[in-house]
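Notes follow once the structure below has been shown.
The values are calculated or read from the model by the stated rules, or taken from the named source; none is laboratory data. A quick note: this is a predicted structure, and the numbers were derived from the prediction, not measured. In this analysis, Cβ positions are derived from the backbone assuming ideal geometry, glycine residues included, and neighbour counts consider all displayed protein chains.
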Amino acid sequence: MLQPLGIKLIFTWKAAVIATAVVGFPLMVRSIRTGMEAIDERLIQASRTLGAGWLDTIITVILPLSFPAVIAGSVLMFARGLGEFGATIIVAGNIPGVTQTIPLAIYEYVSSPSGDEVAVALCLVSITISVAVLIFHEWLGRRIVRVG
């Protein structure tokens, strides 16, 4: 459908990004929705009573109060994306240097007779990235609580 427009998507890095985003997006939406539902309705009513329009209320009340949920959802989506395998291999393939992600590379190296060491190294890289993101998330969460 996109080829007549000159857009090539399948088996490109863009397809890998879209596949990862589509699979992880529900986690982000759920987290943001939960965060927004937890906002005290009285704060929204107070802003409206003080003359703020809906856009002002969204910008000055709802978005700042739901920012931690946006961060949490983003981290969940990123973590889900780190392990994404199925959707990525279907729409982006497993082209080394182009669309190969860490899980796809691990799969490829485990499937080869002498690739165990590289697969373990890639697992360690993935774990290191995950721990770094977790530490960053915790640091950011504490910083938001202190500022807020």
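Numbers below:
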quantity	calculated
Residues located in segment 15-37, provided they are within 21 Å of Phe85 (Cβ to Cβ) and either free of Cβ contacts under 8 Å to residues at least 24 places away in the same chain or surrounded by fewer than 13 Cβ atoms within 10 Å (Cβ to Cβ) (or both)	Val17, Val22, Pro26
Boolean, Ala105 is surrounded by 12 or more Cβ atoms within 10 Å (Cβ to Cβ), at pLDDT 90 or above and not in a helix (DSSP H, G or I)	no
Complete set of residues in segment 24-65 that are of a type in the set (Ser, Thr, Tyr) and more than 30 Å from Thr88 (Cβ to Cβ)	Ser47, Thr49, Thr57, Thr60
Some residue of segment 78-89 being more than 21 Å from Ala105 (Cα to Cα) and assigned to a helix (DSSP H, G or I)	no
Hey, Ile90 surrounded by 15 or more Cβ atoms within 10 Å (Cβ to Cβ) and either in contact with a Pro (Cβ under 6 Å, 6 or more places away or on another chain) or β-branched (Val, Ile, Thr) (or both) or not	no
Flag for Ile59 being touching a residue at least 12 places away in the same chain (Cβ under 8 Å) and either at negative phi or surrounded by 10 or more Cβ atoms within 10 Å (Cβ to Cβ) (or both)	no
Any chance Ala46 is in contact with a Pro (Cβ under 9 Å, 6 or more places away or on another chain) and over 22 Å from Glu138 (Cα atoms)	no
Subset of segment 49-69 [modelled with pLDDT under 90 and either more than 29 Å from Trp139 (Cβ to Cβ) or among the hydrophobic types (A, V, I, L, M, F, W, C) (or both)]	Phe67, Ala69
Test: Val133 is at pLDDT below 90 and either closer than 26 Å to Gly73 by Cβ or in contact with a Leu (Cβ under 9 Å, 6 or more places away or on another chain) (or both)	yes
From the options Val22, Val61, Val98, Val120, residue that is in a helix (DSSP H, G or I) and closer than 30 Å to Leu9 by Cβ	Val22
